Amino acid sequence: MAEQKGWDLGNEEFDLGTQNKISDEEIAVFKDIAFKIRHPDGKREVPWPSDCQPKRETFGGGKELAYQYIYEWETSTQKMIAYEIEVLKFIGLQYKIDFSGTKDCDIQTAFNKNGDILTIDLQPYERETVFLITSIKDEDNKYNINGSWQQCKIDPQLYRECIIIANNKITQEYNKCMEAGLNEEVSWEKMPEIIRNNGLLFVDGEFYPSNDALYYKGDNDQNAVGDKNNDNFIMWRRAGDFLGNGPDDLIPMMFKANDNPIQPKYVRMGILDDAWLMAVVGTLALKPELIKNLFLSNDGSSDPSQNNEDKMYGFYRMRICQNGIWKEVILDDIFPCAPYYLPIYSDDSKNTQIWPHLIEKLVAKVRGNCYESLNGGSPKDAFTDLTGLPTETYSTADSDVASLFERVRKSYQGGKNLLAVAVSKRVGEDVPDENFFDNSGLRDGHTYSVLGTNGDGSEIILRDPLARDLDGRQYKGDGVTSVDMEDFDRYFRELIVCFSENNFKEARQTIDISYDRDKKEVSVPVLKLTVPQGANVEYLGLSQKEIITQSANNKNNNPSQLDLCLFVFKSNGNGQSLNTEQDEPCGYIPMSTQRNKFVKFGASAEETKSNDLERGLSWKNGDRLTGGTYFMVPWTSGVQWETEQKQQYGGGGGDVRYIGFTVHGQCGSGNFNIQPVDGYTGQEINPVLLRFADKYGQKGKLQDLQ
């Protein structure tokens, strides 16, 4: 009996993630489940004699997807050959065999055979006899086998079991944290000491790895249970379980030890709608120091025996500029992944370092300990939260695109004193050709990293944070494309700029604004800003807590963001207290209900022409804040608080909001100084409003106050 074989792995890439990190104990469980799925009665009979030893072949090249065992034996009149397959990975494999050309042979199988084609679906780690060929000895017979492999669906029982194993492990680690006293009452500052002293692997109880960390509705979300296509089975894995896939990847690295580990190409968003965030992260990667500034933990040695850094205990210390004030945050290193595979959200496109994963998780934590909170957001706020630096938004409808391109060209070819992202228009939003996005490969309503311009500045170079090529379109390498001025003007809505100067001097102050619900009165502080002689304030900023009102009607039932404004007086008196009659109004921040607002001071008359309260974009003041004393008065109408009282709280009580006030500018060897000196309650603020209405309202700038 002659045999002819040809094997084809087809077009499947068989990207297996990091399956070399599945334990022997887990594999034994999966083998048992796969066996019971195939043989519910627990019995499996084989046709070959007990003393028959097989020949073993490996399929899948270096990936070793499966073993094929070939058993050959004879009787006095017949010759038999049996084939047995053993899957070696957590993968469903479909083995399709074509017996065309087989002559005078009997083929027996328990699988689906249609004519000459036999189709076999095997589960992870399953070992099963797939067919038996019998022929008469000494007759002119032959069999011919041409086979191919492709992936197939995994039985949900196996998915559920692997998730149970992972969740049980996390539960055990979390219980140890609780037993060591690591509860909600422990401050961030004390957590690292407790974790280290007790040799724990940290599990964040606030952002606990569960459906609540994924979806607003938690277990009740429609995506919380795997569907019939097995698309929604999610396994929480520590970074060390999925990062890397080789012998050198013993412990996870925030920044891979090579010449340039922080580059835009390493940022790739996943299934979340957070291009607004990941495009900003990709842009900031052009100045690696801005990314590293977020990390307080260190990588240390790649040798586990020589490493005692935070990550060896499953946590990372990071910081974020929340409400205008830098805040330390501790994260665990557990991420939602496909079972025994890579993260479903953002990751490093090479899967060798963890900094993109951690930045996305950091923002999800401060937005409410839920990844779904990242579905939609403001690139401007992402810039501010991750850098603490001033931002400006330029609308293509109000700006000279050629001038914008030239500013980008000069910055990116120089010291990158400004970094930018671009937001495309949506189809139906005043676009001349609605087929443009399909034809060009660009996405409508999407945020892109700006990587620079071409040599003469006639085209702007963009990168899609999805980082995927589009076949037959103009994307090249890792989602990078270019757009000329004309198309940018017609199909992009905004260019959002972050002023990434490293020589700004800063001052930051948390201020509190309160509301008495019984008296319906707002109380605000008065701040004194001292600017040293020779110094110059370039930007003043206000920041307030982000209120997530998308989806599920606001997961935490948070209140609304306040309508805020900040009034600036230059002291003409003793500089100790504000005198509304004597001190001179010299600018304001019209923030409305935005999260972050920066106002440029000392702007030219040409720059101030773009000011528009209704559009809420960048705002510029012609007044200069040079050496001297200034008084700042924040103000809100209290409308949002009153609405909350009616809708949520009932009568009585009070509320306090904490607002961040920031100063950015050139200060030489001195420093800006901010301190609270006084306050206003209720109608006491009226003289302030009247002074500003008198100066600016007559010019049509503050109609609401007038």
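The values are calculated or read from the model by the stated rules, or taken from the named source; none is laboratory data. This is a predicted model, so every value here is computed, not measured. As a convention, Cβ positions derive from the backbone with ideal geometry for all residues, glycine included, and neighbour counts pool all protein chains shown. Please note that ligands, DNA and RNA were not included when accessible areas were found on the heavy atoms of the full protein model with its side chains. Shrake-Rupley method; radii C 1.70, N 1.55, O 1.52, S 1.80 Å.
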Report summary line: Of the candidates Asn323, Asn579, Ile81, the farthest towards the positive dipole end of the chain (Lys/Arg Cβ +1, Asp/Glu Cβ -1, centred on the Cα centre) is Asn579
Query - Carbon plus sulfur fraction of accessible area for region 144-198, probe 1.4 Å, in percent - result: 43
Query raised in the report: To the nearest 10 degrees, how steeply does helix 401-413 sit against the main Cα axis of the chain, on a 0 to 90 scale?
Result: 70
Query raised in the report: To the nearest 10 degrees, how steeply does helix 355-366 sit against the main Cα axis of the chain, on a 0 to 90 scale?
Result: 60
**Report entry** Cβ-based net charge around Lys311, under 9 Å, with every Lys or Arg adding one and every Asp or Glu removing one
**Finding:** -4
Report task. Distance between Cα centroids, region 155-204 to region 483-533: provide it in whole Å. Result -> 38
**Report entry** Furthest towards positive pole of dipole, Pro336, Phe233, Tyr680, structure part the chain, Cβ charges
**Finding:** Tyr680
Query raised in the report: How many percent of the accessible area of region 245-387 is carbon or sulfur, using a 1.4 Å probe?
Result: 45
Query raised in the report: From the residues Tyr371, Phe601, Val423, which one has its Cα farthest along the dipole of the chain in the positive direction, the dipole being from +1 and -1 charges on Cβ of Lys/Arg and Asp/Glu about the Cα centre?
Result: Phe601
Requested in this report: Let me have the 222 nm mean residue ellipticity of the chain computed from DSSP H runs of 4+ only, each contributing -39500 (n - 2.57), with the sum over all residues rounded to the nearest 500.
Outcome: -5500 deg cm²/dmol
Report summary line: Excluding ligands, DNA and RNA, the carbon-plus-sulfur percentage of the accessible area of region 40-127 with a 1.4 Å probe reads 40
Requested in this report: Quick one: work out the % antiparallel among DSSP beta bridges in the chain, nearest 5.
Outcome: 95
Query - Solvent-accessible area per residue, Å², over region 294-356 with all protein chains present [probe radius 1.4 Å] - result: 30
Requested in this report: Please give the per residue accessible area of region 21-170, computed with a probe of 1.4 Å over protein heavy atoms only, in Å².
Outcome: 50
Requested in this report: Can you tell me the dipole magnitude for the chain around its Cα centre, using point charges on the Cβ only (Lys, Arg +1; Asp, Glu -1), in Debye to the nearest 20?
Outcome: 1560
Requested in this report: Sort Asp464, Asp456, Asp303 by accessible area with a 1.4 Å probe, largest first.
Outcome: Asp456, Asp303, Asp464
**Report entry** Residues of region 398-533: accessible area per residue with a 1.4 Å probe, Å²
**Finding:** 44
Query raised in the report: Expressed in nm to one decimal, what extension gain is obtained for the pair Ala224 and Ser148 from 0.36 nm per residue of sequence separation less their Cα-Cα distance?
Result: 23.9 nm
Query raised in the report: Using alpha-carbon pairs under 8 Å, 6+ residues apart, how would you state the relative contact order of the chain in percent?
Result: 11
Query raised in the report: If one takes the longest principal axis of the Cα atoms in the chain, at what angle in degrees, from 0 to 90 and to the nearest 10, does the Cα axis of helix 275-284 lie?
Result: 80
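Suppose every K and R has +1 on its Cβ and every D and E has -1 on its Cβ; what is the size of the dipole of region 65-169 about the Cα centre, in Debye to the nearest 20?
520
Taking K and R as +1 and D and E as -1, what net charge do the other residues with C-beta under 13 Å from the C-beta of Leu578 add up to?
-2
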**Report entry** Residue-level accessible surface for Thr352, protein heavy atoms, 1.4 Å, Å²
**Finding:** 40
Query - Correct option for Cα extents along the principal axes in Å [calculated from the coordinates] among [x] 79, 73, 56; [y] 167, 62, 47; [z] 118, 61, 51 - result: [z]
Query raised in the report: Kirkwood Rh, region 84-175, all Cα pairs: how many Å?
Result: 15.7
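Express the relative contact order of region 391-534 as a whole percentage, based on alpha carbon pairs under 8 Å and six or more residues apart in sequence. Walk me through the numbers before you get to the answer.
Numbers: 215 pairs, mean separation 41.4, N = 144.
Averaging sequence separation for qualifying contacts and normalising by length gives 29 percent for region 391-534.
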Report summary line: Once Lys and Arg are counted +1 and Asp and Glu -1 for all other residues with Cβ under 15 Å from that of Thr171, the total becomes -1
Report summary line: With the 8 Å Cα cutoff and a minimum separation of six or more residues, region 88-214 has a relative contact order in percent of 25
